[in-house]
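Trainee: Here you go, one structure.
The values are calculated or read from the model by the stated rules, or taken from the named source; none is laboratory data. Keep in mind that this is a model prediction, so the values were computed, not measured. Glycine also receives a Cβ, built like all others from the backbone with ideal geometry; neighbour counts cover every protein chain displayed.
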Amino acid sequence: MNTEQLRETIAQAGAGDARAYQRLLAGFGPRLYGYFYRATGRHHDAEDLLGELTLRLVRTLPMYRDQGRFEPWLFRIAANMVRDRIRRKKTRPQPASLSVEDEQGHSPSEGIPARMRDVDAGVLAQEASARLEDALQSLDETTRQMILMRHFGEMSFKDIADMFQCPLGTALAKVHRGMQRLREELEDREGTSP
């Protein structure tokens with residue numbers, strides 16, 4: 001959607017046009033979902049947050065004054081919602097692992113029929129995702145949010161800098177250093193995993 005189409009769609013949605021809201025959600029929904037999923041680590045939470053954002057958008061869009069900054073405005077709302085959700089849920093359950101052995105040295109995967117072992121690939125992907133989530137949690141809040149906005153929200157560095165009210169160079173440096181720290185954390189975690 002180009003800038004003029006976006007302005008027109010925002011105006012129509014603000015006036016109550018349901019199809020305009022659908023176009024906005026079709027355009028921004030997948031990126032918002034990706035951001036929410038990576039920020040929370042759970043599909044269910046990402047879906048809930050996207051639904052809450054939709055309701056919030058219906059309530060607040062009529063008051064929005066378009067200055068060509070819709071995307072940072074929308075993702076700022078999303079970031080605030082994630083922060084609120086994380087504050088409410090201080091702990092999250094650890095994912096189950098089929099590779100952990102019990103006291104007798106037996107793995108839960110031993111009881112699974114051979115044709116079901118294809119599930120292992122999915123479990124390994126889930127465990128890798130959990131390691132990434134843990135590594136993301138080791139970053140400070142601002143850096144984590146900037147990385148999530150950049151890589152899962154697909155926002156430009158300029159929009160991120162505007163959103164966090166910092167110089168462009170600061171946003172670039174924080175994301176670069178944060179990505180380096182993530183790589184180091186993941187390498188450390190990979191080295192310590194069984």
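Trainee: Looking at GLY14, GLY41, which is the one that is at pLDDT below 90 and in contact with a Lys or Arg (Cβ under 9 Å, 6 or more places away or on another chain)?
Mentor: Matching residue, one of GLY14, GLY41: GLY41.
Trainee: Can you give me the number of residues within region 156-194 that are of a type in the set (Ser, Thr, Tyr), free of Cβ contacts under 8 Å to residues at least 40 places away in the same chain and part of a loop (DSSP other than H, G, I, E, B)?
Mentor: Final tally of qualifying residues: 1.
Trainee: Okay, next question. Cβ-Cβ distance below 7 Å, separation of 6 or more or different chains: which pairs start in region 139-155 with a residue that is surrounded by 24 or more Cβ atoms within 10 Å (Cβ to Cβ) and end on one that is outside any helix (DSSP H, G or I)?
Mentor: MET146/PHE164; MET149/MET155
Trainee: Related question: So how many residues does region 47-78 have that are in a helix (DSSP H, G or I), polar (S, T, N, Q) and farther than 16 Å from GLY29 by Cα?
Mentor: Counting residues in region 47-78 that are in a helix (DSSP H, G or I), polar (S, T, N, Q) and farther than 16 Å from GLY29 by Cα gives 1.
Trainee: Also, I was wondering about something else. Output the residues belonging to region 157-194 that are farther than 26 Å from ALA130 by Cα and of a type in the set (Ser, Thr, Tyr).
Mentor: If the condition is that a residue be farther than 26 Å from ALA130 by Cα and of a type in the set (Ser, Thr, Tyr), then THR170 is the only one that fits.
Trainee: Now a separate question. Mind counting the residues in region 6-46 that are within 24 Å of ARG150 (Cβ to Cβ) and either in a helix (DSSP H, G or I) or of a type in the set (Lys, Arg) (or both)?
Mentor: Result for region 6-46: 23.
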